[in-house]
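Below: the structure, in structure tokens.
The values are calculated or read from the model by the stated rules, or taken from the named source; none is laboratory data. Keep in mind it's a predicted model, so treat the numbers as computed, not measured. Here the Cβ positions follow ideal geometry from the backbone for every residue, glycine too, while neighbour counts run over all protein chains shown. In case anyone asks, the SASA skips ligands and DNA or RNA and just uses the protein heavy atoms, side chains included. Shrake-Rupley method; radii C 1.70, N 1.55, O 1.52, S 1.80 Å.
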Amino acid sequence: MSQFHGARRRLVEQLQQCGVRDLTVLRAFDLTPRHLFVPTGMRHRAYEDSALPIGNGQTISQPSTHARYLELLRLTGREKVLEIGTGSGYQTVLLSHLAAQVFSIERVGALLDRAREAIRESGARNVSLLVGDGTLGWRDYSPFDAILVTAGAPSVPAPLVEQLADGGRILIPIGGREEQTLTLVTRRGSELEHRDIGPARFVPLIGTFGWPK
Ligand code: SAM
């Protein structure tokens with residue numbers, strides 16, 4: 001909708017002022033209509049740099065947080081990416097502009113239904129969605145070049161490591177149920193390299209290789 005075009009441009013400028021430098025990431029924000037991913041009554045706030053509730057006790061993260069994470073993944077446009085925690089589907093569509101194929105798993109069926117509709121409306125065509133426990137990964141489409149986990153885990157789920165391509169990376173908040181350290185894990189053959197990025201606060205990753213419900 002053109003009424004949101006100016007607001008979206010201002011968000012992109014704000015991200016640039018916050019230090020986001022990667023032009024492909026900024027372009028993804030320019031192309032993604034965030035107002036489709038927030039509840040209708042909140043559309044006037046869709047282009048603020050803030051997290052917003054999306055129902056079922058979950059939130060759509062702050063755009064600057066998404067931008068930082070997407071920069072860390074250093075995608076070239078050729079990758080197959082797995083996202084754990086579709087939520088609203090906003091980040092899924094940002095990823096669709098930065099990678100060749102995006103696979104995304106959400107455990108809450110009602111959220112995934114809404115996300116599916118918004119993703120369709122956004123025009124993204126290289127996205128596949130699954131309702132289920134993302135800690136198990138999505139073996140049929142593995143290996144993945146990058147895996148982005150958008151909920152806090154006690155440790156890196158073993159199936160995600162198994163489904164990661166050599167040279168691939170997992171960006172995941174690791175730590176407690178409420179506070180974590182954002183961690184970038186890179187696979188080098190049978191070795192895993194861990195790099196701490198900084199503090200993070202995410203909802204818990206609930207599942208077989210995550211937290212109990
Ligand atoms: N990036 C999303 C967006 O743009 O709207 C927000 C994601 S939200 C912070 C985290 C999501 O992870 C929630 O929707 C939650 O239901 C989901 N989640 C938690 N545990 C999960 C699991 N084991 N598998 C899949 N999704 C999970």
(message) All but one of (1) free of Cβ contacts under 8 Å to residues at least 60 places away in the same chain; (2) charged (D, E, K, R); (3) farther than 22 Å from A67 by Cα hold for E179; state the number of the condition that does not hold.
(response) (3)
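Would you confirm whether any residue within segment 119-126 is assigned to a strand (DSSP E or B), touching a helix residue (DSSP H, G or I) at 6+ places or on another chain (Cβ under 9 Å) and hydroxyl-bearing (S, T, Y)?
Taking segment 119-126 as the starting set, the residues that turn out to be assigned to a strand (DSSP E or B) are none.
No, because not a single residue in segment 119-126 is assigned to a strand (DSSP E or B), touching a helix residue (DSSP H, G or I) at 6+ places or on another chain (Cβ under 9 Å) and hydroxyl-bearing (S, T, Y).
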(request) Considering (1) within 16 Å of the ligand (Cβ to nearest atom); (2) touching a residue at least 60 places away in the same chain (Cβ under 8 Å); (3) not small (G, A, S), say which one R27 fails and leave the rest. (result) (1)
(request) Mind listing just one residue for me: the one in segment 50-80 that is small (G, A, S) and within 14 Å of the ligand (Cβ to nearest atom) and, of those, least open to solvent (accessible area, probe 1.4 Å)? (result) A67
(request) Scan L36, L94, L72, L112 and give me the residue that is within 10 Å of the chain's Cα centre (by Cα) and in a helix (DSSP H, G or I). (result) L94
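Of the residues E83, E178, only one is within 14 Å of the ligand (Cβ to nearest atom) and open to solvent by 40 Å² or more (accessible area, probe 1.4 Å); which?
Result of the check over E83, E178: E178.
Examine segment 190-205 for a residue that is farther than 13 Å from Y69 by Cβ, assigned to a loop (DSSP other than H, G, I, E, B) and among the β-branched types (V, I, T), and state whether such a residue exists. First the steps, then the outcome.
Narrowing segment 190-205 to residues farther than 13 Å from Y69 by Cβ: 190-196, 199, 201, 203-205.
Filter once more, so that each one left must be assigned to a loop (DSSP other than H, G, I, E, B): 190, 201, 203, 205.
Filter once more, so that each one left must be among the β-branched types (V, I, T): 203.
So far as segment 190-205 goes, yes, one or more of its residues are farther than 13 Å from Y69 by Cβ, assigned to a loop (DSSP other than H, G, I, E, B) and among the β-branched types (V, I, T).
Of everything in segment 39-49 that's part of a loop (DSSP other than H, G, I, E, B) and open to solvent by less than 60 Å² (accessible area, probe 1.4 Å), which residue is farthest from L94 (Cα to Cα)?
Filtering segment 39-49 down to residues part of a loop (DSSP other than H, G, I, E, B) leaves 39, 46-49.
Imposing the further condition that a residue be open to solvent by less than 60 Å² (accessible area, probe 1.4 Å) reduces the set to 39, 46-47, 49.
Values: P39: 18, A46: 15, Y47: 14, D49: 15 Å.
Here the answer is P39.
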(message) So P53 ticks every box in (1) in contact (Cβ under 8 Å) with a residue 24 or more places away in the chain; (2) not in a helix (DSSP H, G or I) but one. Which box is left unticked?
(response) (1)
(message) Cβ-Cβ distance below 8 Å, separation of 6 or more or different chains: which pairs start in segment 58-69 with a residue that is more than 9 Å from S88 (Cα to Cα) and end on one that is of a type outside the set (F, W, Y) and in a strand (DSSP E or B)?
(response) Y69/L148; Y69/L171; Y69/L182
(request) Would you confirm whether any residue within segment 147-156 is within 15 Å of I206 (Cβ to Cβ), outside any strand (DSSP E or B), in contact with a Lys or Arg (Cβ under 8 Å, 6 or more places away or on another chain) and within 14 Å of the ligand (Cβ to nearest atom)? (result) no
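Which of the residues that make up segment 10-29 are acidic (D, E) and exposed (fewer than 15 other Cβ atoms within 10 Å of the Cβ)?
Of the residues in segment 10-29, the ones acidic (D, E) are 13, 22.
Passing the criteria: only E13.
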(request) Would you point out the residue of segment 127-160, among those that are of a type in the set (V, I, T) and over 22 Å from P199 (Cα atoms), that is most open to solvent (accessible area, probe 1.4 Å)? (result) V131
(message) What pairs come out if I take residues in segment 101-129 that are closer than 24 Å to D145 by Cβ and pair them with residues that are in a loop (DSSP other than H, G, I, E, B) and among the acidic types (D, E) whose C-beta lies under 8 Å away, six or more apart or interchain?
(response) Q101/E79; I105/D133; R107/D133
